[in-house]
Amino acid sequence: MDARALIEFLRVMERLKDAPRHCWTTGGRRESVAEHSWRVALMAMLMADEFPEADMDKVVRMCLVHDIGEAITGDIPTFLKTDADRVVEGREVDALIGGLPAPWPETLGALFEEMDAQQTLEARIYKALDRMEAIQSHNESDPATWLPLEYELNLTYGVSNAAFHPYLKALRAEMLKDTEAIIADAKARGIAPD
């Protein structure tokens with residue numbers, strides 16, 4: 001790979017370290033997009049044995065790159081993201097990967113198309129993990145940092161994405177137990193909306 005092209009791509013990707021997400025860490029600071037992507041990839045790596053029929057290396061690649069467009073657009077929470085935002089982000093992804101030498105524009109372009117189509121097992125695993133990592137992050141953060149709509153959203157977010165596989169369904173169910181306990185405690189402390 002051309003060293004200068006790699007350096008320029010990495011320079012743009014560095015922005016993901018400082019691109020805040022709307023979720024907070026246990027340390028009391030906003031999570032970055034890079035941290036989210038890293039943990040989604042870690043989840044995929046750790047559960048490879050649950051999916052012997054899947055190309056989990058491909059899932060890890062999907063997890064690592066799925067939010068690279070946010071190096072330009074910043075994070076827009078799913079519940080606020082519009083179709084226009086998706087078009088802009090897609091255009092930015094195309095521009096970012098288009099600056100890489102062959103075969104990367106074609107390779108990464110095909111990966112993004114597969115993720116968007118949600119037709120393969122690998123794409124469906126990635127999407128379920130992406131959603132569940134967000135729930136896990138919320139479950140770990142102070143519920144006082146949750147937006148009012150998240151008290152309801154966190155009960156259902158990612159459930160349909162995980163429903164296709166027994167392991168993912170069970171994992172999401174365990175996360176739901178944690179969410180319900182957090183909400184009950186937040187209501188008892190008077191910080192959750194009624």
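The values are calculated or read from the model by the stated rules, or taken from the named source; none is laboratory data. Since the model is a prediction, treat every value here as computed from it, not as a measurement. For neighbour counting, all protein chains shown are included, and Cβ atoms are generated from backbone atoms with ideal geometry for every residue, glycine included.
The residue of segment 171-194 that is farthest from the chain's Cα centre (by Cα), among those that are among the aliphatic types (A, V, I, L, M) and exposed (fewer than 12 other Cβ atoms within 10 Å of the Cβ), is Ala188. Residues in segment 17-31 that are farther than 15 Å from Pro77 by Cα and in contact with an Asp or Glu (Cβ under 7 Å, 6 or more places away or on another chain) were compared, and the one that is surrounded by the most Cβ atoms within 10 Å (Cβ to Cβ) is Thr25.
Does any residue of segment 145-167 turn out to be hydroxyl-bearing (Ser, Thr, Tyr), touching a Pro at 6+ places or on another chain (Cβ under 9 Å) and either assigned to a helix (DSSP H, G or I) or at positive phi (or both)? Yes.
A Cβ distance below 8 Å, combined with a sequence gap of six or more or placement on separate chains, defines the contacts here; from segment 85-106, residues that are farther than 12 Å from Thr73 by Cα reach residues that are of a type in the set (D, E, K, R) and modelled with pLDDT of 90 or more in the pairs Gly99/Glu8. Cβ separations smaller than 6 Å between residues 6+ apart or across chains give the following pairs from segment 131-145 residues that are without any contact (Cβ under 8 Å) to a residue 60 or more places away in the chain to residues that are surrounded by fewer than 20 Cβ atoms within 10 Å (Cβ to Cβ) and not in a helix (DSSP H, G or I): Ala144/Ile191.
Restricting to segment 38-48, name every residue that is in a helix (DSSP H, G or I) and either closer than 21 Å to Gln119 by Cα or hydrophobic (A, V, I, L, M, F, W, C) (or both). Hits for segment 38-48 are Trp38, Val40, Ala41, Leu42, Met43, Ala44, Met45, Leu46, Ala48. Here Ile76 does not qualify as surrounded by fewer than 19 Cβ atoms within 10 Å (Cβ to Cβ), among the aliphatic types (A, V, I, L, M) and in contact (Cβ under 8 Å) with a residue 24 or more places away in the chain. Would you be able to say whether some residue in segment 123-132 is in contact with a Ser or Thr (Cβ under 6 Å, 6 or more places away or on another chain) and either farther than 20 Å from Leu80 by Cα or of a type in the set (Ser, Thr, Tyr) (or both)? Scanning segment 123-132, I find no residue that is in contact with a Ser or Thr (Cβ under 6 Å, 6 or more places away or on another chain) and either farther than 20 Å from Leu80 by Cα or of a type in the set (Ser, Thr, Tyr) (or both), so the answer is no.
Residue check: Asp83 meets all listed conditions (1) surrounded by fewer than 19 Cβ atoms within 10 Å (Cβ to Cβ); (2) in contact with a helix residue (DSSP H, G or I) (Cβ under 7 Å, 6 or more places away or on another chain); (3) more than 30 Å from Pro166 (Cβ to Cβ) but one, namely (2). Does Ala5 satisfy the criteria of being touching a residue at least 40 places away in the same chain (Cβ under 8 Å), more than 30 Å from Leu147 (Cβ to Cβ) and assigned to a loop (DSSP other than H, G, I, E, B)? No. In segment 64-82, is there at least one residue being in a helix (DSSP H, G or I), at pLDDT 95 or above and among the aliphatic types (A, V, I, L, M)? Yes, that holds for at least one residue.
If the condition is being surrounded by 19 or more Cβ atoms within 10 Å (Cβ to Cβ), under 17 Å from Ala181 (Cβ atoms) and among the aliphatic types (A, V, I, L, M), then segment 133-152 contributes only Ile135.
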